[in-house]
Structures are given as C-alpha cells and as structure tokens.
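These notes are about the structure you will find just below.
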Amino acid sequence: MTQQDTLISPAPTTGFSPWAEPDREPLVQFRNVTKRFGSFVAVDNVSLNIYQREFFALLGPSGCGKTTLMRMLAGFETPTSGEIIVDGKNIVDVAPDKRPINMMFQSYALFPHMSVEQNVAFGLHRAGGAAKSEIADRTQRMLKLVQLDAFAKRKPGQLSGGQKQRVALARALARSPKILLLDEPLAALDKKLREQTQFELMNIQEELGLTFLIVTHDQQEAMTVSSRIGVMRAGQLQQIGTPGEVYEYPQTGFVADFIGDTSLFDIEVQGREGDYTLAKWKGADSPVYLRSVDDSPVSEAAKVFSVRPEKVTVSREKPTGEPNVFAGKVVDIAYSGSQSVYHVELAPGVVIKALDTNRLRLVSSTITWNDQVWVSWRARSGVVLGS
Amino acid sequence: MMSAVRGLTRRLPILIPFFWLLVFFLTPFFIVLQISFAEFQYGQPPYVPNFRKVEGVGDFFNQLQMMTLYSYEILLSDNLYWKAFLSSLRIAAVATFFALLIGYPLAYAMSRAPRSWQPILLMAVILPFWTSYLIRIYAWKAILQKNGFLNNVLMELSVITEPLTLLSTPFAVYLGIIYTYLPFMVLPVYSSLEKIDPSYNEAARDLGASGLTAFWRVTVPLSLPGVIAGCFLVFIPAMGEWVIPDLLGGSGTLMIGKQLATELFNNNDWPVAAAVAVCMIMVLIVPIVIFQRAQESDQRRRQEEG
C-alpha cells in the first residue's frame, strides 16, 4: 500500500458505518458544547455524535479547539454551555476519575517514580475490589498486548520514546474504558515508527472492539487510522465525514486546503454549456469547465474552485478530449522520490499544482523548469465551494 | 605547553570554586582545628600558639607533641556538652518538622496560584530577607514580651486576663527558628512542585484516583527532592543556631551554638570553643553528605528523563 493509496481510499473500515443508521444510539453526544476561556472561545457550539467501535479523529491546526473538546470529554475542562452525553447520561458534572473514559496523554505523563508495571497497574488499583493476583495478571496481559512484558521493571526514564508510548497505551487500556482518548499520541515519534504505530493502534482498536477518539494535527494520520474525521477550525466543526468524503468532497476551502494538497482559484459562474457549468477565472482567458458528480447545475453561489494535484495531468503535448486544457510554464518542481509535483504558472500569479507519479526511473524528468507545458483535468475532478 | 594551557583553561571552571572552598572554608576550618588542639592560656591570644614557624623535621614533631586533646577531654567529661548537642538535634528536628508542616501547604498553594501571581508570592516569601535577621528576631522579642504586642492584643480581646509568659521559653525558640528558616523550606519545595507537569496529576485522576489519592501517590513523591532539600536547609543551620536561643530563649534553653558562644565570649576559652565547633561540623557532615547524595541522585534521574 503506497501512501497515495491510503490518502484516496476510505479507511479500511469499509462497511462499518453506524452513523448512517438513523436508529443507532451514539455512544458520545456533544450537544451544542461551547467552552470559553475569558473572552476567547475555544469551542464554539459544537454538536457531534460518536458511535460505538468508531475510531474518530478530531483534526485541525493547533489552537482550533480540538484538544479542549477532548479534555471536556475526559473531564479536565467543564463546558461553558451544552451537554456531553455518554451512554445516555450527561457527564458534564462527573469527576474525571468517575468517567468510563481513559486518556493517553501527548506527553504520555508516565509517572517517573513508578516502574512500567506500577504505571500500568495504577488504574487497576484505583478500581477497587480487584485482588492483587488479578491486577498482576491484567497488568501482564496489557504489557504483552503492547509487547513490553520484558520491560515491566524498568522506570519510564529508561525507555525510548516508542516504548513510552506503548506503556501509556497499555496504562490507558488497562481499565477497559468505554472510550479511549488519544491526544496527539504519535507526535513525538519519528516518521517510520509513527506509520507502524498507526497500524498497531488500528489493530488494537479492532481487536478490543473499543471506541477511540484521537486528536491530531497530522491529516495523513487522521486519514489512515480513522473511520470518520471531524475537521475543526477556530472552535467550530467545519466538516464531519469519512476520510474519503472529507478528501474528495470538502465543504469549505479550509477543509480542501488543510486535508491533502490542492490548488484553489476564485471563480465567477457565467453560464451553462451542455452538462458543464462555465466559470470565469484568472488562470486563462478561456473559462474553466465545471461538472458536478450528479450532473446537477453548479450553484451560482460558487466562489472557489479546488482541484487536487493528482487529478491534474501535465504534458508537453496538448491533450485532447478534455474541456479543461490550459497552457502554462513550470516554475517549481517538488520531487519526493515516488512522485513529483509540478507548479505550473498559468497566468501571472496563478499557479496550479500537478502531480505525476515517477513510474520510470529517470535521473532527470522530461519536464523541467521553465518548460512550456499543458495542464488538463476532467470537469468532475474539481470541487466548487461557497467560500 | 599549549596543551597544558588549554588543560588549565578547561579546568578553570572547576578550579575557581575549588579555590573558593580552599580559601574560605578549608583554611578557616584548619585554623579552628589547630586552635582546638592548643592549650588554654591567659593572654593574647588566649591559647598557646602552635605551628607558628616550623624549623626542620625535628621541630615539626616537637610542635606536634605540644598539641593536646585536653579540650576534647573536657567535652567528653562534662555532660553539659552532650546534653547541648542532643538538645540542639531535638530542637532542629522538631523545627524542621513544623517548617515542613507549614511550608509544604504554602509552597503547594503558591504552585497552584495563577501564573501571573507566582512572582509576587515568591517575592513575599523572599521579602523578609531584605531586613536584617537580627532586627527581625528583636522584633519578635518586642511581640512576645510580657507587655508586648501579642499579650496586649490578647488582653484587649479578653482572650486572656493575665499576660502570658512567652519570651524566654522553648516555644519562643521554636517560633523564632521556624519563622526564620521557613523560606528555606518553602522555596525548594515550591521549585520542585512547580516543575511537576500538571498532566501527571491529570493522568492519575483519569486513571480513577481521587484528588487526594493523586496528591499522595503522584504529587508528593515527585516533590520529594524539594522536601529533602528544604529539610536539610532548615535542619543544618537550625542545629548550629545561636542568636535565636540567645535572644528568645531563656537560660534553660540548651543549644550547642549558644554553648560555643558562651565558651568564646564569656569564658574566653578558645580551645574549648574550637573543639565544640569541630565536633559540630563532624556531626553536621553526616546530614550534609546525605543531602549531597540525594541532590546528586535527583540530578541523575532528571538527566535520565531528559
């Protein structure tokens, strides 16, 4: 599976879509939740349902309120207004230690004065009623789950970043929470380990049948692990959808731009020509051809047009058969091994990005800087947005 | 030659404190040590000088023979000194305990105060140091005496009918020591509490611990380095305290620092005073070494974590 595949295909949990079933009771419901810190609105009237066994990702840039939303579910912050329902009960006034929720902290927050084993057993001792041998058994099982049984007696200070992350996971899972919260769980790991851990997290989630809520600013991570993504900006949920929906059908320019790569253009709808809607833009004198997926006319209110680089073809010869063919000059090439992204200037200041997979092993590409090229894309490949 | 110079410049940061220690600690210590082995005499100085000029090896041994353990024999034979040592230990230990009892909640409240308040609170703890310690002890004398501030207020409020005897009691000595050394407890405890990542406490709560359990199981153990530092910073100087028992305590308050001052100023017996000082250092070296060890292991742990 290449990285590109994971970006385009919906998460591997195809077929699992409780959010589409109208009778399904959500496990977690945020109802008009607002959180203010003084005059700053961290979370602005957010309503969100999360269903059992979901791996839900809250995605957004730093300061967008995603962490505050999660901390309200954990019980570390109290909403200024609104309700948080878990399993049919409003938990807003329930103390964090009384909630059926556990959290894996971004800093891991492993107790430095306790061994790995003691860290994992900490929550089990608090549960009460469990015999010592039961606790020891469960601790062992959790450590086996994260393959750290050999490190039980070590102190957190003697572990690597990846090992600490596993201990934090084992500790949070030990109490079998109804919901596991993961706050930027992989941010401290290097890229290779992060990708590997993403799959491990997914496997563990599936194996234990738990509900996971992950907070991340890494869109690739959100796309890979989650069943659905909630994209946040400035305290508001901009869009909720499966990774595929959010990527292919972004509802705002922010979502289109934040998730994946895209080229955005201001447009002005002019009229129709057959199945196509024509729009004036700055890229060329000739209009850009738009077509919605269901062939319905594109709304007059469309202001922005977005097209992903992988949907744009770049070539030396003028292609035929596509309505959207424009001439331009290569101003930049971002080579990343498996692929190259060409930045093509169509008109002064108007640049479109076109992705080309490097199928052939070439030391130098046939298209290079300052080349006059043609870019083209299918009319349905673009997405129009209100703003 | 060049490498020798480079080696010297590289060691300079170590050599400077080393010389400092040599000049301002070891030299005075050896002078005191030498006096403690000298014989008392009436005159100036009030002891028979030894090791003034050494002329040859024979003279060295000659001078060595002039040294006497007489002062130490006095310390051992008169149980006044033993009692003063034990009494000092007890007073220092009790004062340290109460300083911790008062200082920990203070430091905890400071570390929990809003960030913008913390420099002000810190300043409030340090502020008393801007006034001479002697003046502050004299102020306590004025507060505690028979017709002093405290008795007057209590009389006005009709809490008491007769003025209480507060001054020249063990209570006044404890009060003085705890008051004086409280900042030495508060500051290191605060500094270690303030360094604790709040997410440790949150993690404990998240894992089902009540606020109190989280405090005992997580906050207290993590603040232990500060507690140890604070305890030693109070205990060590309290052990040798002289001014406070002298001004606030009565004649019944036995402390080794006070005893030393009596030998030096009243009896003019420098060798015995020096012997007391040497014994005091020997007794204090044990907690100082423990303290150093604790600091080092704490530093190592921090490095491991970092």
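Taking first residues from region B:243-258 that are within 21 Å of B:Ala142 (Cα to Cα) and partners that are among the aliphatic types (A, V, I, L, M) and not in a helix (DSSP H, G or I), the Cβ contacts under 7 Å between residues at least 6 apart in sequence or on separate chains come to B:Pro245/B:Met255; B:Leu248/B:Leu167.
Name every residue in region A:264-274 that is assigned to a loop (DSSP other than H, G, I, E, B) and in contact with a Phe, Trp or Tyr (Cβ under 9 Å, 6 or more places away or on another chain), in order of residue number. Correct list: empty.
Within region A:344-365, work out how many residues are assigned to a loop (DSSP other than H, G, I, E, B) and either modelled with pLDDT under 90 or on the phi > 0 side of the Ramachandran plot (or both).
Of the residues in region A:344-365, 9 are assigned to a loop (DSSP other than H, G, I, E, B) and either modelled with pLDDT under 90 or on the phi > 0 side of the Ramachandran plot (or both).
A:Ala222: within 16 Å of the chain's Cα centre (by Cα), outside any strand (DSSP E or B) and closer than 27 Å to A:Gly75 by Cβ, yes or no? Spelling it out, A:Ala222 is indeed within 16 Å of the chain's Cα centre (by Cα), outside any strand (DSSP E or B) and closer than 27 Å to A:Gly75 by Cβ. Looking across A:Ser107, A:Ser115, A:Ser133, one residue alone is closer than 20 Å to B:Ile196 by Cα and over 31 Å from the mean Cα position of the chain (by Cα). It is A:Ser115.
Tell me, which residue of region A:71-103 that is in a strand (DSSP E or B) and within 9 Å of chain B (Cβ to nearest Cβ) is nearest to the chain's Cα centre (by Cα)? So, considering only residues that are in a strand (DSSP E or B) and within 9 Å of chain B (Cβ to nearest Cβ), the one nearest to the chain's Cα centre (by Cα) is A:Met103.
For region A:195-215, a residue qualifies if it is in contact with a strand residue (DSSP E or B) (Cβ under 7 Å, 6 or more places away or on another chain) and either on the phi > 0 side of the Ramachandran plot or hydroxyl-bearing (Ser, Thr, Tyr) (or both), and exactly one does: A:Thr211. Among residues of region A:86-108 that are over 17 Å from A:Lys35 (Cβ atoms), those with a beta-carbon under 6 Å from a residue that is of a type in the set (Ser, Thr, Tyr) and surrounded by 17 or more Cβ atoms within 10 Å (Cβ to Cβ) at least six positions away or on a different chain give the pairs A:Phe105/B:Ser199; A:Ser107/B:Ser199. Of everything listed in (1) in a loop (DSSP other than H, G, I, E, B); (2) more than 13 Å from chain B (Cβ to nearest Cβ); (3) among the hydroxyl-bearing types (Ser, Thr, Tyr), the single unmet condition for A:Ser107 is (2). Listed by position, the helices (runs of 4 or more DSSP H) inside region B:21-135 whose residues that are at pLDDT 90 or above number at least 2 are B:27-36, B:70-77, B:79-112, B:118-126. Checked against the criterion of being within 14 Å of chain B (Cβ to nearest Cβ) and in contact with a Ser or Thr (Cβ under 6 Å, 6 or more places away or on another chain), the candidates A:Ile135, A:Ile179 yield just one match: A:Ile179. Hey, A:Ser176 hits all of (1) under 24 Å from A:Phe30 (Cβ atoms); (2) not in a loop (DSSP other than H, G, I, E, B); (3) not aliphatic (A, V, I, L, M) but one; which does it fall short on? So the condition that A:Ser176 fails would be (2). Cβ-Cβ distances below 8 Å connect the following pairs, each with a first residue in region A:171-195 that is in the same structural domain as A:Asp218 (by TED's automatic domain parsing) and farther than 30 Å from A:Ala130 by Cβ, a second residue that is of a type in the set (Lys, Arg) and part of a helix (DSSP H, G or I), and a separation of six or more residues or different chains: A:Leu186/A:Arg194. Take A:Val325 and decide whether it is modelled with pLDDT under 95 and closer than 28 Å to A:Gln239 by Cβ. In short, no.
Quick check on A:Glu221: is it surrounded by fewer than 21 Cβ atoms within 10 Å (Cβ to Cβ) and either within 17 Å of A:Phe305 (Cβ to Cβ) or in the same structural domain as A:Ser62 (by TED's automatic domain parsing) (or both)? Spell out the reasoning first.
Working: surrounded by fewer than 21 Cβ atoms within 10 Å (Cβ to Cβ): no; either within 17 Å of A:Phe305 (Cβ to Cβ) or in the same structural domain as A:Ser62 (by TED's automatic domain parsing) (or both): yes.
Judged against the criteria, A:Glu221 is not a match.
Per the listing A:Asp261, A:Asp257, the residue uniquely assigned to a loop (DSSP other than H, G, I, E, B), more than 23 Å from A:Asn32 (Cβ to Cβ) and of a type in the set (Asp, Glu) is A:Asp261.
In the set (1) part of a helix (DSSP H, G or I); (2) of a type outside the set (D, E, K, R); (3) surrounded by 19 or more Cβ atoms within 10 Å (Cβ to Cβ), the condition left unmet by A:Leu237 is number (1). If you check A:Thr277, A:Thr368, A:Thr320 for being in a strand (DSSP E or B) and at pLDDT below 90, only one passes: A:Thr277. Mind listing whichever residues of region A:18-45 are in contact (Cβ under 8 Å) with a residue 60 or more places away in the chain and within 19 Å of A:Ile179 (Cα to Cα)? Result: A:Trp19, A:Glu25, A:Leu27, A:Val28. Would you call B:Arg301 over 18 Å from the mean Cα position of the chain (by Cα) and either within 14 Å of chain A (Cβ to nearest Cβ) or assigned to a helix (DSSP H, G or I) (or both)? Judged against the criteria, B:Arg301 is a match.
Residues that are touching a helix residue (DSSP H, G or I) at 6+ places or on another chain (Cβ under 8 Å) and farther than 20 Å from A:Ser176 by Cα occur at least once in region A:95-110. Determine whether A:Arg171 is within 13 Å of chain B (Cβ to nearest Cβ) and more than 30 Å from A:Ile85 (Cα to Cα). The answer is no for A:Arg171. When A:Pro185 is tested against (1) within 13 Å of chain B (Cβ to nearest Cβ); (2) within 18 Å of the chain's Cα centre (by Cα), exactly one condition is not met: (1). Residues that are touching a Lys or Arg at 6+ places or on another chain (Cβ under 8 Å), of a type in the set (A, V, I, L, M, F, W, C) and under 30 Å from A:Ala174 (Cβ atoms) do occur in region B:209-222.
Looking at region A:138-162 only, could you name the residues that are more than 11 Å from chain B (Cβ to nearest Cβ) and either buried (at least 21 other Cβ atoms within 10 Å of the Cβ) or of a type in the set (A, V, I, L, M) (or both)? Across region A:138-162, the qualifying residues are A:Thr139, A:Met142, A:Leu143, A:Leu145, A:Val146, A:Leu148, A:Ala150, A:Ala152. Of the listed requirements (1) more than 18 Å from A:Ala174 (Cβ to Cβ); (2) more than 8 Å from chain B (Cβ to nearest Cβ); (3) not basic (Lys, Arg), A:Pro112 misses just one: (2).
The values are calculated or read from the model by the stated rules, or taken from the named source; none is laboratory data. Since this is a predicted model, take the numbers as computed values, not measurements. A quick note on method: Cβ atoms are made from the backbone with ideal geometry, for glycine too, and the neighbour counts reach across all protein chains shown.
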